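The values are calculated or read from the model by the stated rules, or taken from the named source; none is laboratory data. Bear in mind the structure is a predicted one, so any value in this text is a computation, not a measurement. Cβ coordinates were reconstructed from backbone atoms using ideal geometry, including for glycine residues, and neighbour counts include every protein chain displayed. Heads up: the accessible areas ignore ligands, DNA and RNA and are worked out on the full protein's heavy atoms, side chains in. Shrake-Rupley method; radii C 1.70, N 1.55, O 1.52, S 1.80 Å.
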Amino acid sequence: MPSLVRPLLQRRTALLTSVAACALLAAGTAQAAAAVGQPAPAFTLTDTNGKTRTLAEFKGKTVVLEWTNPGCPFVRKHYDSANLPGLQKEFTGKDVVWLAVNSTEKAASDYLPPQQLARWIQDKSGAPTATLMDEEGTVGRAYGARTTPHMYIVDPQGTLVYAGGIDSIASARASDIKTATNYVRQGLDETLAGKPISQAQTPPYGCTIKYRS
């Protein structure tokens, strides 16, 4: 290789490596925006009934945030099996606030408008406190939500105490639910008992959220 070409290629490689590293750093920063042990990012969104909802209105209560998208087979796994509806009913019955959040952009093929999304959840016997529309993706990005479902727990003091998967088996098979550790139930039981969450961060799994570009 000519002596003049080699330094040019080396500089080009170094530049590309630097750009890639910056991109990874930016992605990591976006995902780390909501940190366990820190105040949960505040937000204001409209629910499927057209009502404005804020995180602040639920101060003093334990809040679950569930990122959802009915077009995702992992979401359907947990709704068709009644796993998520069961959790919603169980814990809203214990005064927990459960907010389903849809950050799917409007241009996505599996986007559902508010009324259709509400109807789908109702047809699956879902019982969240409210279903929130985040088509701009602002709240999803603030929390670093990457998949559907991606689950979060906020304690009564407004601190994010759990972020991660719904359970320990990353599959779309409903048969795996009965043998998986349900991290959300475990975290809620511990939070309601005034205990620290034993597994405060776990890997989320599911379909990639289709954010607006």
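Using modelled backbone amide H atoms (1.01 Å from N, in-plane), which distant-in-sequence or interchain residues come within less than 5 Å of ARG53's amide H?
Residues meeting the amide H criterion: LEU45, THR46, ASP47.
Placing unit charges on C-beta atoms (Lys and Arg positive, Asp and Glu negative, everything else neutral), compute the dipole magnitude of region 155-213 about its Cα centre in debye, rounded to 20.
The dipole magnitude comes to about 260 debye.
Mean shadow of region 121-213, computed from the convex hull of its alpha carbons, in nm²?
Mean orientational projected area (region 121-213, Cα hull): 7.1 nm².
Once a ≥ b ≥ c are taken as the square roots of the eigenvalues of the Cα gyration tensor of region 136-175, is the result rounded (a/c under 1.5), prolate (a/b larger than b/c) or oblate (a/b not larger than b/c)?
Judged from the Cα gyration tensor, region 136-175 comes out oblate (a/c at least 1.5, b/c at or above a/b).
Give the shape of region 53-127 as rounded, prolate or oblate, defined through the alpha-carbon gyration tensor: a ≥ b ≥ c are the square roots of its eigenvalues, a/c under 1.5 means rounded, and otherwise the shape is prolate if a/b is larger than b/c and oblate if not.
oblate
With every protein chain kept in the model, how would you rank THR68, THR179 by accessible area, 1.4 Å probe, largest at the top?
THR179, THR68
Could you look at region 67-213 and say what percent of its accessible area is carbon and sulfur, using a 1.4 Å probe and all protein chains?
48 percent
With viscosity set to 1.306 mPa s at 10 °C, what whole-number translational diffusion coefficient in µm²/s follows for region 47-205 from Stokes-Einstein and a Kirkwood radius over Cα pairs?
My calculation gives 102 µm²/s for D.
Looking at region 110-204, which trypsin sites (Lys or Arg not before Pro) are in a loop (DSSP not H, G, I, E or B) and have at most 13 other Cβ atoms within 10 Å?
Listed in order of number, the matching sites are ARG173.
Which lysines, on any chain, are close to LYS61 with Cα under 25 Å apart, when same-chain ones fewer than 8 places away are left out?
Output for LYS61: LYS51, LYS89, LYS94, LYS195.
Around THR46, what is the net charge, scoring Lys/Arg as +1 and Asp/Glu as -1 over all other residues with Cβ under 12 Å from its Cβ?
Net local charge, THR46 excluded: -2.
With a 1.4 Å probe and every protein chain left in place, tell me how much accessible area LYS106 has, in Å² to the nearest 10.
That residue has around 140 Å² of solvent-accessible surface.
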